[in-house]
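Step one of this worksheet: look at the structure below.
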Amino acid sequence: MIRRAAAFLALFAMGALDVHAQTARPFPSLAKRPVEAVDRFAEPAAAAVQPAAPDPTLAQTVERLRASAAEADSAFQAQIGRSRAAVQAAGGAAPVSEAWVAAEMAISTADAARYESVAALASLDTLHVDRMATADGARAAADVATIAPARESVLAMVDAQNDALDALRTALTRP
């Protein structure tokens, strides 16, 4: 039994020496590598992007959408006056009365009149998102500069329309 243990230890020691001889390489340096010297949390310097020339097709599309929204806003403004009169006439009326139903219909008609302005805003938002996703930074900057003013103008129109409709709905008695 002792012979077997001694033989095993001898073979084990020889195997360990052989493996060490095959893998004897210099150890890697513990000095900082160049990649470790870079500050990982520093913001990369953004390169200044010169916008490209405006896209005339995009400008025409944006202008068409802005004009469509303005036309729908004019129709809405004409209808909202009639809706205000109907809501005032239904002031304290019960929710099932003729005056109340007429006021609800007037509010719905005003809401329908603004459809094209909401659709134009949705189209401008889609254009804005699509153009922001463009890989060419100069093209994206030029396109966003074309879309942004019209988008902000149409957004202000739609917000004003929402406020007017909300005021009418609040003034009307709810069932």
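Throughout, read-outs are computed from the coordinates displayed, never taken from laboratory work. Everything numeric in this text was worked out from a predicted model, so none of it was measured. Please note: Cβ atoms are built from the backbone with ideal geometry, for glycine as well, and neighbour counts cover all protein chains shown.
Restricting the range 41-122 to GluC sites (Glu not before Pro) that sit in a DSSP loop and have at most 15 other Cβ atoms within 10 Å of their own Cβ leaves nothing. A straight chain from Arg33 to Thr57 at 0.36 nm per residue would run longer than the Cα-Cα distance by 3.5 nm.
Computed across the range 56-171, the Kirkwood hydrodynamic radius from all distinct Cα-Cα pairs reaches 15.6 Å.
Net charge around Glu104, counting only other residues with Cβ within less than 12 Å of its Cβ (Lys, Arg = +1; Asp, Glu = -1)?
Its environment carries a net charge of 0.
For Gln161, the shell of other residues with beta-carbons less than 9 Å away shows a net charge of -3, using +1 for Lys and Arg and -1 for Asp and Glu.
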